[in-house]
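The values are calculated or read from the model by the stated rules, or taken from the named source; none is laboratory data. As the structure is a prediction and not an experimental result, all values here were calculated from the model. Cβ coordinates were reconstructed from backbone atoms using ideal geometry, including for glycine residues, and neighbour counts include every protein chain displayed. Ligands, DNA and RNA are stripped out before the accessible areas are found, and what is left, the full protein with its side chains, is counted by its heavy atoms. Shrake-Rupley method; radii C 1.70, N 1.55, O 1.52, S 1.80 Å.
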Amino acid sequence: PICALSRRYHVTWNKKPLGETRLAARVRPYHALLTTLADPITRKVLQAAPLLQCVANFAVGYNNIDLQAAKEKGIWVTNTPEVLTEATADIAWALLLSCARRIPEGERMVRAGKFKGWHPLMLLGQDLTGKTLGIYGFGRIGQSVARRGRGWNMKVLYHQRHPVSRSVEQGLQARYASFQQLLQRSDFISVNAPLTTQTRHRFGTREFLKMKRSAIFINTARGAIHDEKALAHALQKGIIHSAGLDVYEFEPRIHPQLTRLENCTLLPHLGSATVETRDQMALLAAENIHLVLSGRKPKTPVFIP
C-alpha cells in the first residue's frame, strides 16, 4: 500500500508495532493510519491524533481498535473483508487435515530419522468422509470452510447468534445448531467468528468436556475465543483428540504447554498469507484511505461515523 499511497501523500512506515504509548506519541500529525492487528488503536491513541480521519485495518477483524472512541471523534474505521476469505478457509482445512491425519507428527518422524518402514498401527489418524463438521461463526469465511466440507460428504452444522437464510443453508447443505449441539455432535469444530465480548473464551474447560473425545478443534479466527490454558489441559488429558491453531490468546506468546504437545499443530498466523491475498488486502486498505482523504465514503467501512 505504500507505493499506492505515496504517489499522493506523505507516507511514513514502521516495520514493527509501536505499542500504545509510542503510537500515541507519534500520531499527532497524521490524517490516516494503516494498521495491523498488532497495533492497539485505543482511546488514548485516537485522542492524541486531532487530524485523524481514517484508520484502515489490514485485516477483517478490528478488535484492536476502540470503535466507540472512533465514532465519538468521527473517524472512519475500515477493514479488508472478502479478499482473504478463501485463503483463510484453506488454512483452516490445512490444519484440519494435518490434525486428522497426524501429518506434522509424521513429518517430524521422518526428519528425525525415526521412520523405519511401514507399520499397520503407525500414526493412525481419522477419516473425514461422512463426519460432522461444526462451524462456530458462519460469515464469509465460515461458509467457505463449509463449502470445502462438501468434498468429503460431511454433515455441516453451524452456530452463531442468528441463522443464515434458508437458501444459503440449502446451497451449503448446512444446518443451524445450538451451541450445545455443536459441541456434542461435531467431529471437527472450526472457529471462524469475530472476537467480541460475547465470544471471548467461548471455548473453555466446560465446552471441551462436552465435546467428543475424538474431536478436533481448529481456530483460525482469534486466539482469545478459546481459553488457551484450558485447551492445553484438554489436549494433555485427552479430553479432546487434537487441535490446530493459527491464532493465539496472547499473540505472539503461546502457552508453553501447547508447544510441547504432539497433538497440537501450530502455525504463525498464516491465514491470509498468500501473495495474491496480501496484495489485494494492501490495495483495498490504501483505496479506503484515499477515498476518505478525498472526502468520499470508503469501500469497506466498519461503521459510518
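Below is a table of values for the structure above.
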item	result
Scan of segment 235-250 for residues that are surrounded by 17 or more Cβ atoms within 10 Å (Cβ to Cβ) and touching a Gly at 6+ places or on another chain (Cβ under 9 Å), ordered by number	245, 246, 247, 248, 249
Cβ-Cβ under 9 Å pairs, at least 6 apart or on other chains, segment 77-93 side in contact (Cβ under 8 Å) with a residue 12 or more places away in the chain and more than 12 Å from residue 148 (Cα to Cα), far side open to solvent by 10 Å² or more (accessible area, probe 1.4 Å) and assigned to a strand (DSSP E or B)	77/65; 77/301; 78/301; 79/301
Test: residue 120 is in contact with a strand residue (DSSP E or B) (Cβ under 6 Å, 6 or more places away or on another chain) and surrounded by fewer than 16 Cβ atoms within 10 Å (Cβ to Cβ)	no
Of the criteria (1) in contact with a Leu (Cβ under 7 Å, 6 or more places away or on another chain); (2) open to solvent by less than 70 Å² (accessible area, probe 1.4 Å); (3) under 29 Å from residue 229 (Cα atoms), which one residue 154 fails	(3)
Residue in segment 5-19 that is among the small types (Gly, Ala, Ser), open to solvent by less than 70 Å² (accessible area, probe 1.4 Å) and at pLDDT 95 or above present	no
Subset tally (residues that are of a type outside the set (A, V, I, L, M), assigned to a loop (DSSP other than H, G, I, E, B) and under 18 Å from the mean Cα position of the chain (by Cα)) for segment 29-58	4
Unmet requirement for residue 207, which otherwise passes all of (1) in contact with a strand residue (DSSP E or B) (Cβ under 8 Å, 6 or more places away or on another chain); (2) part of a helix (DSSP H, G or I)	(1)
Which numbered condition residue 142 fails, given (1) out of contact with any helix residue (DSSP H, G or I) (no Cβ under 7 Å at 6 or more places or on another chain); (2) in a loop (DSSP other than H, G, I, E, B); (3) open to solvent by less than 20 Å² (accessible area, probe 1.4 Å)	(2)
Selection from segment 269-292 of residues that are of a type outside the set (Gly, Ala, Ser), open to solvent by less than 50 Å² (accessible area, probe 1.4 Å) and touching a residue at least 24 places away in the same chain (Cβ under 8 Å)	277, 281, 284, 288, 289, 290, 292
Count of segment 180-210 residues which are open to solvent by less than 10 Å² (accessible area, probe 1.4 Å), more than 21 Å from residue 266 (Cα to Cα) and in contact with a helix residue (DSSP H, G or I) (Cβ under 8 Å, 6 or more places away or on another chain)	1
Subset of segment 140-151 [under 13 Å from residue 92 (Cβ atoms) and not polar (S, T, N, Q)]	140, 141, 142, 145, 146, 147, 148, 149
